[in-house]
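Written below as structure tokens is the structure these notes are about.
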Amino acid sequence: MTSQTSDLDALDRLTNGRFTCRAYQYKAVDAGLIRGIVAMAGRSASWCNVQPWQLVITETLESTERFREALMERARSYQENESDLPFPPSYEGIYAERRRGAGIALYSALGIGRKDAERTTEQAFRNFRMFDAPHVAIVTVPVELGPYALVDAGGFISSFLLAAHAHGVATTPQGALARHAHFVREYFGIPDSQHMVCGISFGYAQGEHPVNQFRTSRAGVDDLTRFA
């Protein structure tokens with residue numbers, strides 16, 4: 001096997017094997033391993049090499065639990081969206097279909113019927129429990145760098161997810177946490193000069209949990225590409 005073939009096989013395994021975890025073991029990830037994931041993700045490309053991403057990571061089970069409890073209390077008491085970045089006002093067409101398909105697959109895996117409003121609401125709120133993950137990373141970028149910093153952050157986030165998976169660590173990228181960006185920044189002492197992009201909850205997956213068994217579909221090359 002050539003080096004190139006080996007690299008292609010490894011990348012294929014990583015991109016096919018990574019999934020969004022929604023049930024975690026209550027087990028801390030070693031601090032050195034976390035640093036290794038961040039270092040690997042930090043090799044992501046960025047505009048003019050500015051590397052605009054900044055992270056705040058809860059290092060211990062105790063610090064994560066304190067934040068979890070505070071975030072859930074905030075989510076219960078404050079329903080408004082206070083994200084730093086505008087959320088899509090709606091999803092239409094193929095984007096609505098893809099979103100709906102992911103939701104149906106999730107709730108089917110958990111045995112939640114379409115008309116079961118109570119369990120649907122309960123599962124949605126688990127976003128603010130961070131699915132019981134032992135750690136969370138808050139990703140921010142400098143406000144003054146504008147939209148391209150967000151593009152760079154997206155590349156970093158993707159690299160973080162793959163680097164974590166390569167280290168045997170599961171992840172959950174969470175836009176839901178950004179609904180409470182003002183609270184999150186205040187909690188962690190993040191200045192207003194930083195915009196919160198998302199949270200990434202992470203840890204070791206409960207491998208046999210039904211919610212970790214389903215996988216979302218992906219669009220094909222011909223759905224994404226027009227060759228000119």
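All of the numbers you see were taken from the coordinates with simple rules; none came from a lab. Keep in mind the model is a prediction, meaning the values are calculated, not measured. Don't worry about glycine lacking a Cβ; one is built from the backbone with ideal geometry, like all the others, and counts go over all protein chains shown.
The Stokes-Einstein estimate for the chain, based on a Kirkwood radius over Cα pairs and taken at 20 °C with 1.002 mPa s viscosity, is a diffusion coefficient of 113 µm²/s.
The stretch between Phe87 and Val50, if pulled fully straight at 0.36 nm per residue, gains 10.8 nm over its current Cα-Cα span.
Rounded to the nearest 0.05, the FRET efficiency derived from the C-beta distance between Leu11 and Ala109 at R0 = 35 Å is 0.85. For segment 1-72, run through the trypsin sites (Lys or Arg not before Pro) and keep only the ones in DSSP coil with at most 11 other Cβ atoms within 10 Å of their Cβ. Here the trypsin sites (Lys or Arg not before Pro) that fit, given the DSSP loop and packing criteria, are Lys27, Arg43. In the chain, helices alone account for a calculated mean residue ellipticity at 222 nm of -14000 deg cm²/dmol, with every DSSP H run of four or more residues adding -39,500 (n - 2.57). Extending 7 Å from the Cα toward the beta-carbon at both Ser77 and Ala102 defines two label points whose distance is 3.1 nm.
Here is the list for segment 71-101: GluC sites (Glu not before Pro) lying in DSSP coil, each with at most 16 other C-beta atoms within 10 angstrom of its C-beta, are Glu80, Glu82, Glu92.
For segment 21-88, rounded, prolate or oblate, judged on the Cα gyration tensor with a ≥ b ≥ c (square roots of eigenvalues), a/c < 1.5 rounded, else prolate if a/b > b/c? Judged from the Cα gyration tensor, segment 21-88 comes out oblate (a/c at least 1.5, b/c at or above a/b).
The stretch between Val143 and Leu61, if pulled fully straight at 0.36 nm per residue, gains 26.5 nm over its current Cα-Cα span. Here is the list for segment 29-69: GluC sites (Glu not before Pro) lying in DSSP coil, each with at most 16 other C-beta atoms within 10 angstrom of its C-beta, are Glu59.
Over all Cα atoms in segment 161-228, the spread is summed up by Rg and Dmax: 17.0, 49 Å.
Computed on segment 87-174, the Cα convex hull volume stands at 154 Å³ per residue.
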